[in-house]
Structure formats: C-alpha cells, structure tokens
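A.B. asks: Would you mind keeping the following structure in view while I ask a few things?
A short reminder: the numbers here are calculations on the coordinates, not readings from a lab. Because the structure is predicted, anything quoted here is derived from the model rather than measured. Cβ placement follows ideal geometry from the backbone for every residue including glycine, while neighbour counts extend to all protein chains displayed.
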Amino acid sequence: MSATFQSINQLTITNARILTLAGPTAPRRGDALRDLGVIERGFVRIEDGRIVEVGEGEETSNDSQEIVIDAQGCVLMPAFVDCHTHACWAGQRLDEFAMKLAGRSYLDILEAGGGIMATVRAVRAASQQELTENLRRRLERMSALGTATVEVKSGYGLTTRDELKMLGAVREAASGGAMTIVPTFLGAHAIDPDNPKFIEQTIDETLPAVAEEFPGIVCDAYCEQGAWSLDDTKRLFEKAQSLGLGLRVHADQFNSLGMTRLAVDMNAVSVDHLEATTPDDLKYLAKSETMGVALPACGFHLDDRYAPARAFVDAGGALAIATNYNPGSAPTPSMPFVIALACRKMGLAPAEAIVCSTINAACVLNLASEVGSIEVNKRADLQLLDGTDERELGYEFASPGPRLTIINGQIMHRR
C-alpha cells in the first residue's frame, strides 16, 4: 500500500497557487467552464475535515497543534470527482486484450461470449467480501492519483442476488473510509443470454429490490445494439421513476439509437459516452439540463473514437469527464490521464478539463455543495500538484500523480 495516511485535526497549506473553482453549484458552461477562480498566492485552512478559510497572502498561526505545509508555489486544486466508473469487479480480461490486439472489435468479443459476460461470470463466483477487497484496492490507486470522490456502478451481476451483492460491496468499501463513494444501479448493463426472461426480471424484480435496499439510488442502463434496446430502456426508466429513482444512461457509444433525446425528455441526470451522437442530438442535449459525460479512455483503449466534446461545449453543453474505470474498455484509474486525453483527443483546454473533472463531475453526482471546489464549509478534498502551472495536467501524461492527496482533511498520500 502506498498510502501515507496521517490523522490531522488542523492543517494549513500556504504559499500555493490555488484553483478554488468557487462559484455556483450548478454545472458550468461556456465561459464559466474556463474560470478556475485562481488565487495566485494564498492559503487554505482545514479543521476537522472541512475548509474553514481560503485567503490570499500568507496565513499566520500561533497554534502549535496546527500542521503547516509550504506548497512552494505549486498548484493546489480540488481533488478529482470520478463520476463514471465500474470499479467493482472480479476476475481479469487480459486474454481479451490479446484478441483486441489481433484485430477483434469490442462488439465482436461481446458477441463471442466475452466482454461484459466474462466479468459477470467472475462476479457471480465471487463473495461480497472479495468484491469489497478488490474495490478497496482500486480506490487506493485512484486516491493516489488525486481522486477523492468516486461513482461505482453495479452491472456485473445481472441477477437480483448478485446485483445486490455488488451494491453491498460498494457500500461496505465506502464505510469507514475517507473517500466519498456513490453507488449506481446498472442492472441493465448486458443481456444475460442464458435467461430468456432477463429483461422482465430486471424491470419487475431486480429494480424494485434494489430500490428498497438502496432508496434513492440512481438507475443507469447501457442502451446499445446487442445490449438494451431503446424501448426496453424506456420501460426500465419509467419503472425507476415510479420508484423515485433518478436516471443516467450509457448511450451512443457505437450506434445512435435515439436514446440521447429520450434521456433528455425523461430528465435524466446525464448521458454518458456520446461517441456516436448525431450533431442534431448533440445540440439537443447541449440545450437541456441533462449533462454529457465523456469517457476518452474508451477511445484510447478500444478504437480511437472520441466524444465530440469540443462541439458539445461550444453548443453550450454542460460537460463532465470520467475514467469509466473497468476491465474491458477502460482499464485505468487515472483522472490525470483522462485530462491529457480530453485535451489531445476531444479539443478541451486544460482549464475546461479541470472543471469537467471536479465541480461539473460533482454536479453529475448531486454533490456540488460538498465537493468539487475549494470553498469554506466544503469537504477538504484537495490535491497539491507537482508543478506551478495547472496546464501541466493536460500537457503531461503518465505522470506519478500529485505531491499530496488530502481527503476529508486527512493526508492520504504524500510523496
């Protein structure tokens, strides 16, 4: 374990270039997407896990119990919010990597019984404790790279028992830890080929059972050829809304099936992927309250196809970016790498990518009042970069991560 956890009640970081991202808790769009709220030289004081003061100049304190860290002019910014992951799984998919290198497409592998179903079989064979331990190890890697808040989906169980087991593992991994972990129900991930009643059981049995055990959880679905159809996704979402659940959806990864417009019309929180979204649907999404979530690590790993994030932002869209951390299409825990990809492959400026990976990602998870910016009374989830210019996040890649990751006021990683 690389964590250097240090329990602290009072902490001040001084002499830092601070990206506060201070402002409204609504998603940032347009010019606001480039406003980092910079304090050229300033300090942040933390007490009992909360930010109590943010100011310019040098903070002075006579409290002998307070720990003071000199940032030496380096960038202090909010910790990342990774708003789309599948980080809870068992087994491995290294054999499929060889198939991909040999020229097989992701959909080819899925149709051959690999892909998501390979992980489903491993998850069904695993205990909840094994899933919890696997997830905790991955969360450790993510926090070392500057992430403090993580959304984790189910979707590798595809039975009521195994979906509840996955969500139980997510809840268990979150308990007692400093990170903020948000579970999402993705029972509509793939179609179980061995269960002819799978869709009806997911809608009529699994979804209500999850809603009872995890009230208010968001319901997600993978609407794609070979997975959930537009009509079946609509039925699932109508049931979810009747149970008081919010909606998110994987749409337009490989094919545009009309789900993006339907998601907007059903007031979904977000539409995620967007690689195959039509220009008209992209504008429709951009003018709505539904956010877009781009996942550039998929393009890097699968087929060099990327969401048209630049066009979406220029049309006024509210954008977030995330790792999509999973064993098949995006095997990376690194938000810094996602930022580097977003700049190179999707046309975002570094400042835009930073906003998309912090406060806007927090808006996707309805946590913008708690995390995603450096403001008084918010959780002290911060990272101290190993550089004096935040543009290095977009310029560099494969870097070792921040000097410090501070989560809930505690130093979790230090190098």
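A.B. asks: State which entries of 165/345; 283/378; 165/239; 234/287; 197/239 exceed 26 angstrom in Cα-Cα distance in the structure shown.
C.D. replies: Listed pairs above 26 Å: 165/345; 283/378.
A.B. asks: Let me ask something else. Add +1 for every Lys or Arg and -1 for every Asp or Glu among the other residues with Cβ under 13 Å from the Cβ of residue 55, and state the total.
C.D. replies: Local charge sum for residue 55: -4.
A.B. asks: Right, another one. Consider just the alpha-carbon atoms of the stretch 325-411 and return their Rg together with their Dmax, both in angstrom.
C.D. replies: 13.5, 40
A.B. asks: With labels modelled as points extended 7 Å from the Cα through the Cβ direction, what inter-label distance (nm, one decimal) is found for residue 389 paired with residue 194?
C.D. replies: 5.6
A.B. asks: Neighbour counts of other C-beta atoms within 10 Å: give me 323, 388, 160 arranged from fewest to most.
C.D. replies: 388, 160, 323
A.B. asks: Also, quick follow-up: Hey, how many Å between the Cα centroid of the stretch 341-415 and the Cα centroid of the stretch 220-245?
C.D. replies: 32
A.B. asks: Moving on to the next point. Report Rg(Cα)/(2.2 N^0.38 Å) for the stretch 189-304, keeping two decimals.
C.D. replies: Values: Rg = 14.3 Å, N = 116, 2.2 N^0.38 = 13.4 Å.
Cα Rg divided by the expected 2.2 N^0.38 Å: 1.07.
A.B. asks: While we're on this one: How many percent of DSSP beta bridges within the chain run antiparallel, rounded to 5?
C.D. replies: Here the antiparallel bridges make up roughly 45 percent for the chain.
A.B. asks: With a sphere of radius 15 Å drawn around the Cβ of residue 84, what net charge do the other residues whose Cβ falls strictly inside it have (Lys, Arg +1; Asp, Glu -1)?
C.D. replies: The answer is -3.
A.B. asks: For every other residue with a beta carbon closer than 10 angstrom to the beta carbon of residue 218, add +1 if it is Lys or Arg and -1 if Asp or Glu, then tell me the sum. Don't jump to the answer; show the numbers that get you there.
C.D. replies: On the way: positive: 153, 248; negative: 151, 220.
Summing Lys/Arg as +1 and Asp/Glu as -1 gives 0.
A.B. asks: Ok, one more. When only alpha-carbon atoms count, how far does the chain stretch along each of its three principal axes, as whole angstroms with the largest first?
C.D. replies: Computed over the chain, the largest-to-smallest principal extents equal 69, 46, 45 Å.
A.B. asks: Give the relative contact order (percent, whole number) for the chain; include only Cα pairs under 8 Å separated by 6+ residues.
C.D. replies: Working: 983 pairs, mean separation 94.1, N = 415.
Once divided by the residue count of the chain, the mean separation gives 23 percent.
A.B. asks: Taking only DSSP H segments of four or more residues, each worth -39500 (n - 2.57), what value at 222 nm results for the chain once the sum is divided by all its residues, to the nearest 500 deg cm²/dmol?
C.D. replies: Details: 16 runs with 136 residues, N = 415.
It lands at -9000 deg cm²/dmol.
A.B. asks: Could I ask something else about it? Taking other Cβ within 10 Å of each residue's Cβ, how do 344, 93, 138 sort, fewest first? Each step should come with its number before you reach the end.
C.D. replies: Values: 344 15, 93 21, 138 18.
The order, fewest Cβ neighbours first, is 344, 138, 93.
A.B. asks: Continuing with the same structure: Express in nm, to one decimal, how much length is gained between residue 289 and residue 303 on full extension, taking 0.36 nm for each residue of separation and deducting their alpha carbon distance.
C.D. replies: So the chain would gain 2.1 nm between residue 289 and residue 303.
A.B. asks: Provide the FRET efficiency to the nearest 0.05 for the residue 133-residue 94 pair, computing r from the beta carbons and using R0 = 22 Å. Show your work: numbers first, answer last.
C.D. replies: Details: r = 20 Å, r/R0 = 0.90.
For R0 = 22 Å, the calculated efficiency reads 0.65.
A.B. asks: Here's a follow-up. Between rounded, prolate and oblate, where does the stretch 70-178 land on the alpha carbon gyration tensor, with a ≥ b ≥ c its root eigenvalues, rounded for a/c under 1.5, else prolate if a/b exceeds b/c?
C.D. replies: It comes out oblate by the Cα gyration axes.
A.B. asks: Further question: Would the stretch 322-364 count as rounded, prolate or oblate if I go by the C-alpha gyration tensor, calling it rounded below 1.5 in a/c and otherwise prolate when a/b exceeds b/c, oblate otherwise?
C.D. replies: Oblate is the answer for the stretch 322-364, as a/c is 1.5 or above yet b/c matches or exceeds a/b.
A.B. asks: Additional query: Let me know the charge dipole size of the chain about its Cα centre in debye, to the nearest 20, where only the beta-carbon of Lys, Arg (+1) and Asp, Glu (-1) is charged.
C.D. replies: 420
A.B. asks: Between residue 41 and residue 229, how high is the FRET efficiency from 1/(1 + (r/R0)^6) when r is the Cβ-Cβ distance and R₀ = 60 Å? Nearest 0.05.
C.D. replies: Step by step, r from the Cβ atoms, then E = 0.60.
A.B. asks: Also, quick follow-up: Quick check: the distance between the Cα centres of the stretch 266-310 and the stretch 21-50, to the nearest angstrom?
C.D. replies: When both Cα centres are located, 25 Å separates them.
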